[in-house]
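Presented below is the structure to which this report refers.
Values quoted throughout were computed directly from the atomic coordinates according to the rules given, and no laboratory measurement underlies them. Just so we're clear, the structure is a prediction, and the values are computed from it rather than from any experiment. Cβ coordinates were reconstructed from backbone atoms using ideal geometry, including for glycine residues, and neighbour counts include every protein chain displayed.
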């Protein structure tokens, strides 16, 4: 059974971790946990996309299997939960439409949208970036060894232009991506230590990412 965050007075600050999670990996989990600790979040919601506008031409693993892998990955962390709002909708998933619905659902909570450094530089190409940046706080993860000056300038630029509330999320160096994991599986290379063991077992059992 999926863990569900109750909408009650004990919840103050909720992190939102969006993405296709195709598959979820240890980098996602690390960012979520660092965000929770650095900004004292009560919970972090993992919000898988149903139909991503950025990946319409890419073959995406069915949402049910991506959600299964998320559930396996977060099952031992009481601060993490799966949010099915986008996968249960038939329309393309747009962040600017989802965030107000999350605010309504978790009305007594302050939302913190978590994204990576690359997304911070790309966000003005997203649909309705102004609505995204003014509807919640944003935590932008970056590694201190890469483009720190440019990163902080981008935060200042977006905060000033959109009257946003973007904050840096400090991360250790851990270079992993879902595309790399899919490639390694397809080439019969190990994904140990890149994803939780339960997720790796699920991938192999269900023969995911193995091109014929």
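So what's the angle, to the nearest 10 degrees on a 0 to 90 scale, between helix 148-162 and the longest Cα principal axis of the chain?
It works out to around 60 degrees.
Quick check: pseudo-label points 7 Å beyond the Cα along Cα→Cβ at residue 42 and residue 108, how many nm apart are they?
Here the modelled spin labels are 0.7 nm apart.
Once label points are set 7 Å from the Cα along Cα→Cβ at both residue 201 and residue 187, what is their separation, rounded to one decimal in nm?
My value for the distance between the label points is 2.8 nm.
Order the peptides 174-182, 12-20 from the highest to the lowest mean number of other Cβ atoms within 10 Å of their residues. Provide the component values of the computation, followed by the final result.
Working: 174-182: 15.3, 12-20: 21.0.
The peptides rank, most packed first, as 12-20, 174-182.
Taking the Cα atoms only, what angle lies between the long axis of helix 26-38 and the longest principal axis of the chain, rounded to 10 degrees?
Roughly 30 degrees between the two axes.
Would you mind computing Rg(Cα) / (2.2 N^0.38 Å) for the chain, counting N as its residues?
On the way: Rg = 16.8 Å, N = 212, 2.2 N^0.38 = 16.8 Å.
It is 1.00.
Can you tell me the Rg and the Dmax, both Å, for the Cα atoms in segment 84-124?
For segment 84-124, the Cα radius of gyration and maximum Cα-Cα distance read 11.9, 30 Å.
What FRET efficiency do you get for residue 124 and residue 211 if R0 is 35 Å and r is their Cβ-Cβ distance, rounded to the nearest 0.05?
On the way: r = 34 Å, r/R0 = 0.98.
Efficiency, rounded to the nearest 0.05: 0.55.
Could you tell me how many degrees, from 0 to 90 and to the nearest 10, lie between the Cα long axis of helix 95-105 and the main elongation axis, the longest principal axis, of the Cα atoms of the chain?
Roughly 80 degrees between the two axes.
If you wrap a convex hull around the Cα atoms of segment 120-212, how much volume per residue is inside, in Å³? Mind showing how you got there, number by number?
On the way: hull volume 13.8 nm³, N = 93.
In segment 120-212, the Cα hull volume divided by residue count equals 148 Å³.
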